[in-house]
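Accompanying notes for the structure given below.
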Amino acid sequence: MIKKHIKLFLFVIIALSLLYFFMTIAFLDTETVCAKVKEEGGVRGSPGIVYVYKYKGKTYTGGFGGESGICLELECYLNNECLDVEVSTLFPFMSRVKVTKSKYSK
């Protein structure tokens, strides 16, 4: 029984390490593009924002949730023309919001 737990623990550690390595490789080379906020959305009850961006002629959809520390209300983005998004050049369907300091923060 203990051997099964040790094997499971090692498998989880290896899987998480591979995931971290993949995310690091995916975002080694990025480009910043303009994204338009599309709608409020979320996964399994947690709030989020869905955005759309174009990269090399193709349109992709992305999103972010509350863990990024960015406003999750649609009203925050009505006046903004662009939301800066970093797009992976290796995998253009992967993107992340480029977080900058707010001009309202102290």
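The values are calculated or read from the model by the stated rules, or taken from the named source; none is laboratory data. Please read these numbers as outputs of a predicted model, since none were measured by experiment. Cβ placement follows ideal geometry from the backbone for every residue including glycine, while neighbour counts extend to all protein chains displayed.
For this structure, a couple of remarks:
- Taking every residue in the stretch 72-94 that is farther than 15 Å from residue 37 by Cα and pairing it with any residue that is modelled with pLDDT of 80 or more and loosely packed, with under 12 Cβ neighbours inside 10 Å, at least 6 positions away or on another chain, the pairs with Cβ-Cβ distances below 6 Å are 89/29.
- Residue within the stretch 20-35 that is hydroxyl-bearing (Ser, Thr, Tyr), within 17 Å of residue 95 (Cα to Cα) and touching a strand residue (DSSP E or B) at 6+ places or on another chain (Cβ under 9 Å) present: yes
- Exactly one residue among 103, 7 is of a type in the set (Lys, Arg) and at pLDDT below 80, and that residue is 103.
- Annotation: residue 76 fulfils all but one of (1) over 16 Å from the mean Cα position of the chain (by Cα); (2) modelled with pLDDT under 75; (3) not acidic (Asp, Glu); the unmet one is (2).
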